[in-house]
Amino acid sequence: MNEGVIELVGIEEEEDCQTAWGVKYLFSEEKVYTHCELDPSFLLGLSCGIIPFTNHDHARRALYQSEKHSQQAIGFSTTNPKIRVDTLSHQLYYPQRPLFRTVISDCLGKPEYPLGKNVHPMSEIYNGQNAIVAVNVHQGYNQEDSLVMNRASLERGMFRTEHIRCYKAEVENKEILETKRMKSKDKIDFGKMPSKIGRVDSLDDDGFPFIGANLQSGDIVIGKCAESGADHSIKLKHTERGKVQKVILSANDEGTNFAAVSLRQVRSPIVGDKFSSMHGQKGVIGLLESQENFPFTHQGIVPDIVINPHAFPTRQTPGQLLEAALGKGIACGGLMRYATPFTTPSIDHITDQLHRAGYSRWGHERVYSGHYGEMMRSLIFIGPTFYQRLIHMAEDKVKFRNTGPVHPLTRQPVADRKRFGGVKFGEMERDCLLAHGAAANLHERLFTLSDFSQMHICGKCSHISNVIQRSVAGGGKIRGPFCRFCDSAEHVVKVNVPYGAKLLCQELFSMGISVKFGTEPC
Amino acid sequence: MEGAKNQRFPKIKIREMKDDYLKFELRETDASMANALRRVMLAEVPTIAIDLVEIEVNSTVLNDEFISHRLGLIPLTSDRAMDMRFSRDCDACDGDGQCEYCSVEFHLSVRCDQDQTQDVTSADLQSTDPTVVPVDVAARSSSSGYDASENRGIIIVKLRRGQELRLRAIARKGIGKDHAKWSPAATVTFMYEPEIRINEELMESLSLEEKNSWIESSPTKVFGIDPNTHQVMVVDAEAYTYDEEVIKKAEAMGKPGLVEIEAKEDSFIFTVESTGAVKASQLVINAIDVLKQKLDAVRLSDDTVEADDQFGELGSHMRGG
Ligand SMILES: [Zn+2]
Ligand SMILES: [Zn+2]
């Protein structure tokens with residue numbers, strides 16, 4: 001770079017450059033070039049350039065991986081994993097480097113790495129593990145992009161992750177308080193006090209939980225109270241729980257003291273967790289299967305993941321098959337290890353390498369059924385593939401309720417998961433029940449279990465009659481529905497009406513519009 | 001009885017036996033038997049593994065769960081496991097899982113007081129029972145053909161100056177079905193013994209070059225050629241992996257039926273590799289014991305007696321005629 005051979009080009013500069021793909025274009029063609037790419041794969045950028053065999057994949061799939069999945073994959077924080085206090089961070093227990101290499105991944109490593117000249121570090125740019133993947137149908141548990149995972153592999157630590165959530169709370173610094181002389185405001189400080197809003201069992205006297213405390217939903221994470229006795233504590237939402245990882249006390253630039261408590265949760269993959277290969281092939285777990293139920297090869301190799309063959313024809317990602325075939329050769333000591341886009345090894349090279357390693361050329365193997373011990377009729381494609389665990393996990397998304405909080409205005413159930421809300425029963429769902437003719441079910445879903453309410457109607461004049469307090473001839477006062485139009489309570493009836501409808505009538509009434517209701521007994 | 005007519009007496013022939021490796025032939029039985037044996041070896045032969053960890057001090061880089069998980073995966077010598085009780089049905093401690101009949105206690109206390117990084121390994125685990133120790137520790141003390149300098153033990157965590165790890169761990173008996181840490185088997189697999197018949201007549205119609213390319217088409221060394229007579233012969237039938245490469249090659253050469261390969265329905269070649277918790281040979285014996293117990297349970301259960309009325313003869317067969 002000092003000699004001016006290599007120039008780092010910015011995005012704006014790039015517009016005015018005429019860049020050659022490679023050295024051979026630089027000299028052979030008539031065109032005049034100002035620059036030359038070090039390797040053709042460099043034009044893809046980092047996240048796309050580390051995908052093996054990208055040039056064999058459909059462009060959309062490459063984009064899925066490089067834009068979406070590479071962001072969502074769980075890896076390991078490179079900087080200060082011990083002291084950082086992100087609101088939410090995920091770490092993979094055992095991150096791995098993929099078997100294959102690309103020119104870009106090599107450029108990121110340091111050549112003077114102690115393990116030797118050809119071993120490059122920087123596994124941290126990869127966020128996943130090498131899984132043995134079989135392309136097969138597994139009892140219908142991997143339909144529609146779901147995948148079957150080996151429970152034994154997971155119990156041995158594969159794709160195990162920890163999730164750290166941080167809770168922060170601020171208090172005004174003593175000195176600042178004195179200078180500001182804010183007497184009207186109560187002085188708020190950290191501290192433990194018996195709280196009405198949650199359990200404080202795990203808190204120490206200073207208001208913070210001890211390291212290792214197991215906090216459940218509803219517990220108080222940071223105890224904070226005012227001198228007057230008002231409670232300002234921070235409580236866990238009903239979906240949140242974990243063990244205390246660390247407690248940090250610090251101050252920010254304005255001089256306010258703050259505390260950060262981080263809770264850790266360790267998760268092993270469960271049904272519903274999302275995974276993806278490097279070729280935009282995402283899927284969720286459909287079943288965790290025991291090791292002995294998987295098909296096994298004559299060597300006793302059992303897949304970690306079984307994906308459905310239907311994932312390939314429409315998605316057009318032969319890159320993944322090539323990755324698995326190449327990876328299998330590498331795992332058996334093959335020396336051809338590069339899968340750089342645009343300069344990928346030819347199919348013949350890959351198949352020959354597999355053949356030399358003692359496998360059939362196309363990467364498929366004879367397997368024995370794990371359930372019956374018989375040979376399966378067809379050969380199964382199996383090989384190591386780099387898989388990523390994505391941050392979408394079933395545990396963060398489960399939603400259930402029977403009764404719970406309702407919206408104060410509409411009196412319908414709330415939708416928010418954090419507030420123990422429900423799942424919306426929308427118009428499409430309504431159409432579905434209509435089509436089935438399930439009227440009673442529809443009535444229950446949309447009315448009885450939602451915003452059931454009652455109101456009074458005068459049967460004679462069809463107007464709404466309100467509950468009022470009125471004096472009766474005898475001198476006493478009674479409270480009850482009364483029609484002011486007819487000046488009687490005689491014909492008043494009670495009807496079941498959704499609260500939403502009642503609310504609408506009341507709003508119209510406030511604008512001077514009266515709504516009439518026809519009633520008949522049923 | 002009717003059952004006795006079809007009764008068979010499976011035979012086992014041991015080919016190769018090491019502490020952690022066993023290769024044997026299983027003959028005169030069928031796939032259901034062979035597979036049952038394989039499945040039991042993987043998932044139902046009991047071993048001992050650390051199940052409960054009480055952490056006193058942990059100032060290492062790894063969190064408590066991480067260390068507990070790693071401890072659980074350390075294989076422990078489990079020759080006692082078959083006679084031990086499951087802690088869930090232990091009478092002596094009311095299922096508490098803390099008594100000597102169903103558990104073994106371990107202690108670990110390491111502190112780093114040097115500038116170099118210190119490894120905490122399985123060798124630092126102090127067992128209260130000398131028969132239950134980490135497998136690498138056991139191998140070192142027996143020292144039969146074992147290079148101690150090469151093996152530093154199973155690393156649990158690495159410490160820097162000032163970091164400390166102190167804990168109490170309880171190991172219990174369990175099976176691989178409950179958690180993979182209790183699985184005694186690293187690999188259990190079998191293959192059907194192949195029967196290879198070369199069509200000599202058709203083979204002779206090939207030139208030497210064609211013969212060589214046909215032999216080369218198999219990824220494993222199954223066939224060879226006699227340097228003198230140029231005759232193709234089977235070098236190692238068991239190297240054949242049923243990949244059908246040679247059959248496809250023969251078809252591609254326009255000579256279908258050049259070779260016929262069939263799997264013998266009743267003979268299996270087993271390969272068993274153990275984690276070291278029990279010896280590979282003992283693993284097979286234990287598996288057969290477990291399988292027997294399971295069959296006994298079926299035979300003696302009340303269901304079978306009830307089912308007798310429904311299925312008649314079948315029930316009496318199951319009880320051994
Ligand atoms: Zn009226
Ligand atoms: Zn006990």
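The values are calculated or read from the model by the stated rules, or taken from the named source; none is laboratory data. Just so we're clear, the structure is a prediction, and the values are computed from it rather than from any experiment. A quick note on method: Cβ atoms are made from the backbone with ideal geometry, for glycine too, and the neighbour counts reach across all protein chains shown.
Tabulated data
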read-out	value
Residue check, A:Asp57 at pLDDT 80 or above and buried (at least 16 other Cβ atoms within 10 Å of the Cβ)	yes
Any helices (runs of 4 or more DSSP H) falling wholly within region B:146-258 and containing at least 1 residues that are buried (at least 19 other Cβ atoms within 10 Å of the Cβ) and out of contact with any Phe, Trp or Tyr (no Cβ under 9 Å at 6 or more places or on another chain)	B:245-252
All positions within region B:21-54 that are acidic (Asp, Glu) and within 14 Å of another protein chain (Cβ to nearest Cβ)	B:Asp30, B:Glu44, B:Asp51, B:Glu54
Cβ pairs under 6 Å, 6+ apart, first in region A:128-148 and under 15 Å from A:Leu288 (Cα atoms), second aromatic (Phe, Trp, Tyr)	A:Ala131/A:Tyr387; A:Val148/A:Tyr141
Single unsatisfied condition, A:Arg267 versus (1) more than 26 Å from the chain's Cα centre (by Cα); (2) within 12 Å of chain B (Cβ to nearest Cβ)	(1)
Flag for A:Phe509 being away from chain B (no Cβ under 14 Å), assigned to a helix (DSSP H, G or I) and within 16 Å of ligand 1 (Cβ to nearest atom)	yes
Selected residue (criterion: nearest to ligand 2 (Cβ to nearest atom)) from residues of region B:42-52 that are surrounded by 20 or more Cβ atoms within 10 Å (Cβ to Cβ) and of a type in the set (A, V, I, L, M)	B:Ile48
Residue list for region B:63-96, restricted to those being touching a residue at least 24 places away in the same chain (Cβ under 8 Å), crowded, with 20+ Cβ neighbours inside 10 Å and more than 14 Å from chain A (Cβ to nearest Cβ)	B:Leu76, B:Thr77, B:Ser78, B:Ala81, B:Met84, B:Ser87
Members of region A:267-281 found to be charged (D, E, K, R) and outside any strand (DSSP E or B), listed by number	A:Asp273
Some residue of region A:387-400 being more than 25 Å from the chain's Cα centre (by Cα) and acidic (Asp, Glu)	no
Filter result for A:Val284 (of a type in the set (Val, Ile, Thr), part of a strand (DSSP E or B), more than 14 Å from chain B (Cβ to nearest Cβ) and more than 21 Å from A:Glu144 (Cβ to Cβ))	no
Per-region count, region A:466-482, residues within 20 Å of A:Gln454 (Cβ to Cβ) and over 56 Å from the mean Cα position of the chain (by Cα)	1
Condition check for A:Phe482: assigned to a strand (DSSP E or B) and aromatic (Phe, Trp, Tyr)	yes
Candidates A:Ala226, A:Ala230, filtered to the one that is farther than 16 Å from A:His163 by Cα, away from chain B (no Cβ under 14 Å), among the aliphatic types (A, V, I, L, M) and in contact with a His (Cβ under 8 Å, 6 or more places away or on another chain)	A:Ala226
Total residues in region B:14-46, condition outside any helix (DSSP H, G or I) and either of a type in the set (Asp, Glu) or more than 17 Å from A:Gln291 (Cα to Cα) (or both)	18
Members of region B:90-130 found to be of a type in the set (Asp, Glu) and near ligand 2 (Cβ under 9 Å from one of its atoms), listed by number	B:Asp91, B:Asp94, B:Asp96, B:Glu100
Selection from region B:95-123 of residues that are over 32 Å from the mean Cα position of the chain (by Cα) and either within 16 Å of ligand 1 (Cβ to nearest atom) or assigned to a loop (DSSP other than H, G, I, E, B) (or both)	B:Cys112, B:Asp113, B:Gln114, B:Asp115, B:Gln116, B:Thr117
Filter pass, B:Thr60 being within 12 Å of chain A (Cβ to nearest Cβ), over 20 Å from A:Val302 (Cβ atoms) and either out of contact with any helix residue (DSSP H, G or I) (no Cβ under 9 Å at 6 or more places or on another chain) or at pLDDT below 95 (or both)	yes
Test: residue in region A:454-474 that is without any contact (Cβ under 8 Å) to a residue 40 or more places away in the chain, surrounded by 11 or more Cβ atoms within 10 Å (Cβ to Cβ) and away from ligand 1 (no atom under 16 Å from the Cβ)	no
Selection within region B:269-289 - over 12 Å from B:Leu37 (Cβ atoms) and either away from chain A (no Cβ under 14 Å) or surrounded by 20 or more Cβ atoms within 10 Å (Cβ to Cβ) (or both)	B:Ile269, B:Ser274, B:Thr275, B:Gly276, B:Ala277, B:Val278, B:Lys279, B:Ala280, B:Ser281, B:Gln282
Selection status of A:Val515, of a type outside the set (D, E, K, R), within 27 Å of A:Pro408 (Cα to Cα) and within 16 Å of ligand 1 (Cβ to nearest atom)	yes
Subset of region A:364-398 [touching a Gly at 6+ places or on another chain (Cβ under 7 Å) and not in a strand (DSSP E or B)]	A:Ala394
Matching option when the condition is within 28 Å of B:Ser32 (Cα to Cα) and not polar (S, T, N, Q), among A:Ile391, A:Ile380	A:Ile380
Within region B:63-89, tally of residues that are modelled with pLDDT of 85 or more, within 14 Å of ligand 2 (Cβ to nearest atom) and more than 25 Å from the chain's Cα centre (by Cα)	0
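Conditions tested, residue by residue: (1) outside any loop (DSSP other than H, G, I, E, B); (2) buried (at least 21 other Cβ atoms within 10 Å of the Cβ); (3) at pLDDT 90 or above.
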position	(1), (2), (3)
A:Phe258	yes, no, no
A:Gln265	yes, no, yes
A:Pro303	no, yes, yes
A:Gly319	yes, yes, yes
A:Glu323	yes, yes, yes
A:Gly333	no, no, no
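Here's the yes/no breakdown for (1) within 12 Å of another protein chain (Cβ to nearest Cβ); (2) under 24 Å from the mean Cα position of the chain (by Cα):
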| position | (1), (2) |
| --- | --- |
| B:Val188 | yes, yes |
| B:Lys211 | no, no |
| B:Ile225 | no, no |
| B:His230 | no, no |
| B:Met233 | no, no |
| B:Glu245 | yes, no |
| B:Ala250 | no, no |
| B:Leu291 | no, yes |
